[in-house]
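Colleague: Sharing a structure, written as structure tokens. Questions coming.
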Amino acid sequence: MVDLSALSPAEKRELLALLEMKDKYQAENRINFYKPYQKQKDFHKAGADNSERLLIAGNQLGKSVAGAAEWAIHLTGRYPDWWDGAVFNKPVTMWASGVTSEGTRDNPQRLLVGPPSVEETWGTGMIPKDALKDWDRAMGVANLLDNITVKWGGGGDVQAGISVLGFKSYEKGREKWQGPTLDGVWFDEECPLDIYTEGLTRTNNGQRGQFTIMTFTPLLGMSDVVGLFLQPEGKK
């Protein structure tokens with residue numbers, strides 16, 4: 001235990017500076033401090049062998065945090081030592097989505113990038129500040145991002161490159177989900193079946209073939225989308 005009263009003013013200033021540096025490092029490298037609990041670990045691990053995954057839990061129990069952490073890991077290519085889930089061997093193109101534009105901004109974007117309304121803090125989400133290369137703002141909704149570019153590469157003999165993440169919402173309708181080939185889609189909150197199938201189709205020709213994750217609290221009962229995961233195969 002350090003006796004602060006015994007420190008000189010200069011030593012106190014130095015200690016304060018060190019603590020501020022530590023706080024800054026933690027804020028800008030949040031993914032390094034992600035310690036998944038067992039259900040989150042199981043969710044990540046299942047990605048090694050499953051093309052579609054669903055993480056269901058109650059409110060504020062880490063569903064979206066797990067989704068953001070996994071997407072940050074894939075987008076940066078910085079796989080931690082404990083990782084035993086899916087791995088991409090080159091930069092990825094992915095989407096993260098929510099029910100509305102505001103919902104996408106306030107949950108997936110916030111968790112990945114940082115507080116939406118304070119640009120100076122962008123880089124304090126799950127994507128490390130030194131990996132967040134650039135962004136394009138969306139039109140019509142304050143502080144909503146259309147896409148971000150992320151520096152990819154784990155160092156050593158891993159070839160560096162640039163990953164791209166687009167932000168989408170279900171409210172725009174299925175037609176806005178058509179077109180590009182993606183490596184993965186994250187659905188944060190339950191979506192209509194046509195949006196889900198269209199998003200899944202976007203990954204057909206991705207690096208790992210079909211690859212989606214979904215995180216939500218089931219508020220709609222046994223919906224068509226929930227049934228895809230929870231009903232026995234072939235049961236209507």
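The values are calculated or read from the model by the stated rules, or taken from the named source; none is laboratory data. A quick note: this is a predicted structure, and the numbers were derived from the prediction, not measured. Reconstructed Cβ throughout: ideal geometry from the backbone, glycine too, with neighbour counts over all protein chains shown. Protein only, heavy atoms only, side chains kept; ligands, DNA and RNA dropped before computing areas. Shrake-Rupley method; radii C 1.70, N 1.55, O 1.52, S 1.80 Å.
Colleague: Check whether at least one residue in segment 130-140 is more than 21 Å from Ile73 (Cβ to Cβ) and touching a residue at least 24 places away in the same chain (Cβ under 8 Å), and report yes or no. Break it down into steps so the answer makes sense when it comes.
Modeller: Residues of segment 130-140 more than 21 Å from Ile73 (Cβ to Cβ): 136-140.
Subsequent filtering for residues that are touching a residue at least 24 places away in the same chain (Cβ under 8 Å) retains 138, 140.
Taking every residue of segment 130-140 in turn, at least one turns out to be more than 21 Å from Ile73 (Cβ to Cβ) and touching a residue at least 24 places away in the same chain (Cβ under 8 Å).
Colleague: Just a yes or no: is a residue in segment 179-197 free of Cβ contacts under 8 Å to residues at least 12 places away in the same chain, more than 14 Å from the chain's Cα centre (by Cα) and more than 25 Å from Lys90 (Cβ to Cβ)?
Modeller: yes
Colleague: Also: Inspect segment 7-14 for any residue being within 18 Å of Pro115 (Cα to Cα) and either modelled with pLDDT of 65 or more or open to solvent by 90 Å² or more (accessible area, probe 1.4 Å) (or both) and give the result as yes or no. Explain how you work it out, then say what you get.
Modeller: Taking segment 7-14 first, the residues within 18 Å of Pro115 (Cα to Cα) are none.
No - not one qualifying residue is present in segment 7-14.
Colleague: Can you say whether Pro108 is over 14 Å from the mean Cα position of the chain (by Cα) and buried (at least 20 other Cβ atoms within 10 Å of the Cβ), as far as the supplied structure shows?
Modeller: On the way: over 14 Å from the mean Cα position of the chain (by Cα): no; buried (at least 20 other Cβ atoms within 10 Å of the Cβ): yes.
No: the conditions fail for Pro108.
Colleague: Whether any residue in segment 82-96 is surrounded by fewer than 17 Cβ atoms within 10 Å (Cβ to Cβ), closer than 23 Å to Arg208 by Cα and touching a helix residue (DSSP H, G or I) at 6+ places or on another chain (Cβ under 6 Å) is what I want to check.
Modeller: yes
Colleague: Where in segment 56-174 are there helices (runs of 4 or more DSSP H), lying wholly inside it, with at least 1 residues that are touching a His at 6+ places or on another chain (Cβ under 8 Å)?
Modeller: Working: elements: 63-76, 101-104, 110-113.
In segment 56-174, 63-76 are the helices (runs of 4 or more DSSP H) which contain 1 or more residues that are touching a His at 6+ places or on another chain (Cβ under 8 Å).
Colleague: Looking at segment 133-160, which of the residues that are under 18 Å from Arg105 (Cα atoms) and modelled with pLDDT under 95 is least open to solvent (accessible area, probe 1.4 Å)? Give the steps one after another, and end with the answer.
Modeller: If we filter segment 133-160 for residues that are under 18 Å from Arg105 (Cα atoms), which is where we start, we get 134-150.
So of that shortlist, the ones also modelled with pLDDT under 95 come out as 139-140.
Values: Met139: 178, Gly140: 86 Å².
In this case the residue turns out to be Gly140.
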